[in-house]
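> Here you go, one structure.
Derivation of every value follows stated rules applied to the coordinates shown; laboratory data play no part. Predicted, not measured: the structure shown is a model, and the values here were computed from it. Every residue, glycine among them, receives a Cβ derived from its backbone with ideal geometry; neighbour counts consider all protein chains shown.
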Amino acid sequence: MVPSAERLRTSAICVTENVEHTLGRTGEVDDVVQAFVAEPGRADRLRAAARGLAECAEGPAGCPPLYGIPVWVKNSVHVDGLPIRAGSALWADLLTGRRAAVVDRLLEAGAVIAGKTVTAEFAVAVPAPCRRR
């Protein structure tokens, strides 16, 4: 994230280029890591969000700290317009129309919500045993 933020602040890349890179990289690694929730229309939504970011009046150096950085949130976090599955088949298509405070803070900081990452059902899981070396 730090190299992208620096490149955005120095105008080495623009927000839409950064989003395209994120989309490409997500496509490359998801078959292996299986961390991202399948979301029809993700690319279009993400591109629209990138286009919707206003240019900073003070130039790139005056932008919010996460300006143009795509950020993934857990599938148990409410994001308006996205299902809140929380890893459960019971909530597979539940749209709440709300947005979590953490998402508000990310957006205020200039981030672009890229999508959601998988989580254990209702974000409750038995932790793995602690291993100490």
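> Using Cα springs under 10 Å in a Gaussian network model of the chain, which residue among Pro83, Pro65, Pro40 shows the largest mean-square fluctuation?
Evaluated over the chain, the most mobile residue of the options is Pro40.
> Of Ile13, Ile69, Ile84, which has the largest mean-square fluctuation in a 10 Å C-alpha GNM of the chain?
Its mean-square fluctuation being the largest, the pick is Ile13.
> A further question follows. Go ahead and set up a Gaussian network model of the chain, Cα springs under 10 Å, then flag whichever of Val79, Val33, Val112 fluctuates most.
Val33
> Please report, to two decimal places, log10 I(q)/I(0) for the range 2-123 at q = 0.15, 0.22 Å⁻¹ as given by the Debye formula with identical point scatterers on the Cα atoms and no solvent.
-0.70, -1.30
> While we're here: Less than 15 Å Cβ to Cβ from Val124, Lys/Arg counted +1 and Asp/Glu -1: what total charge do the surrounding residues give?
+1
> In the range 1-105, which trypsin sites (Lys or Arg not before Pro) are in a loop and have at most 14 other Cβ atoms within 10 Å, using DSSP for the loop call?
Numbers: sites: Arg7, Arg9, Arg25, Arg42, Arg45, Arg47, Arg51, Lys74, Arg85, Arg98, Arg99, Arg105; in loops: Arg85, Arg98, Arg99.
Those satisfying the criteria are Arg98.
> For the range 60-104, build the convex hull from the C-alpha positions and give me its volume per residue in Å³.
Spread over its residues, the Cα hull of the range 60-104 gives 79 Å³ apiece.
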